[in-house]
Amino acid sequence: MISLSSNEFLETNIKEFIIPSEKVAHVQKGNSLEHALLLLTKSGYSSIPVLDSAFRFQGLISSSLITDAVLGLERFEFEKLESMKVEEVMTTEFPTISVQATFKKAIELLIDHPFLCVVSADDYFEGIMTRRVILKQLQRNIYNS
Ligand code: AMP
């Protein structure tokens, strides 16, 4: 990227900077908590998107949401991991962003979230925009100026 003025940088479209859906680890809302915990643990990600069978964005699931859901009065009730579904535990309190959005909009939302789910007008999951990617572009722009 050549050096841009701050305004040009903020007006950059996020499209070519998103991690495309096929490279994003995700679970389906009907998957068991056991499956989700396995994927989270193996991938090392703190949270991942939840989709439906048509690839529409539904929410996010994290290891802490799962462990909290199986926490009983005195112990973790790990047997629940098999019977409970991701949709019972996922959070839907999470902003999404359109592929037409600019860096300015993404930065505003990334202050409170390590990544954003990019969705189409009809909620199809297109990928994610991460804080790391924006910071990398910002750093590149600063060093090139
Ligand atoms: P990073 O900016 O690479 O540290 O990623 C921040 C967060 O974004 C991770 O903890 C995950 O929750 C999510 N994330 C990043 N890359 C992926 C991916 N390929 N699949 C699923 N989630 C991801």
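The numbers here are math on the coordinates, done by the rules we state, and not lab data. Small disclaimer: the values here were computed from a predicted structure and weren't measured. Quick reminder, even Gly has a Cβ in these numbers, built from the backbone with ideal geometry, and neighbours come from all protein chains shown.
For the reader, a short list of remarks on this structure follows.
- PHE76-LYS136 FRET efficiency (beta carbon distance; Förster radius 41 Å; 0.05 resolution): 0.60
- Counting only residues at least eight positions apart within a chain, or on another chain, the lysines with an alpha carbon under 18 Å from that of LYS15 are LYS23, LYS104, LYS105, LYS136.
- Taking amide hydrogens as placed 1.01 Å from N in the peptide plane, the amide H of LEU51 sits under 5 Å from those of VAL27, GLN28, LYS29, GLN58, each at least 5 positions away in sequence or on another chain.
- For a label point 7 Å along the Cα-to-beta-carbon line of SER98, residues of the stretch 126-145 with backbone N under 20 Å: 126-130
- Prolate/oblate/rounded label for the stretch 78-145 (Cα gyration tensor, a/c 1.5): prolate
- ³J(HN,Hα), Karplus 6.51/-1.76/1.60, whole Hz, each residue of the stretch 115-123, x for Gly, Pro: 8, 10, 8, 9, 10, 7, 4, 9, 6
- At an R0 of 41 angstrom, the distance between the Cβ atoms of GLU108 and LYS85 translates into a FRET efficiency of 0.80.
- Nearest-0.05 FRET efficiency for HIS35 and ASP68, computed from C-beta distance (R0 25 Å): 0.90
- Amide H to amide H, with H built 1.01 Å from N, GLU126 comes under 5 Å of VAL118, VAL119, SER120, counting only residues 5 or more places away or on other chains.
- Couplings 3J(HN,Hα) for the stretch 31-42, derived from phi with the Karplus relation 6.51 cos²θ - 1.76 cosθ + 1.60 (θ = phi - 60°), are 5, 6, 5, 4, 4, 5, 5, 4, 5, 4, 5, 5 Hz, where x marks Gly and Pro.
- Short to long, the 5 Å bins of the Cα pair-distance histogram for the chain hold 2, 10, 18, 19, 16, 12, 9, 6, 4, 2, 1, 0 percent of all pairs.
- With the convex hull drawn over the C-alpha atoms of the stretch 54-98, the volume per residue is 87 Å³.
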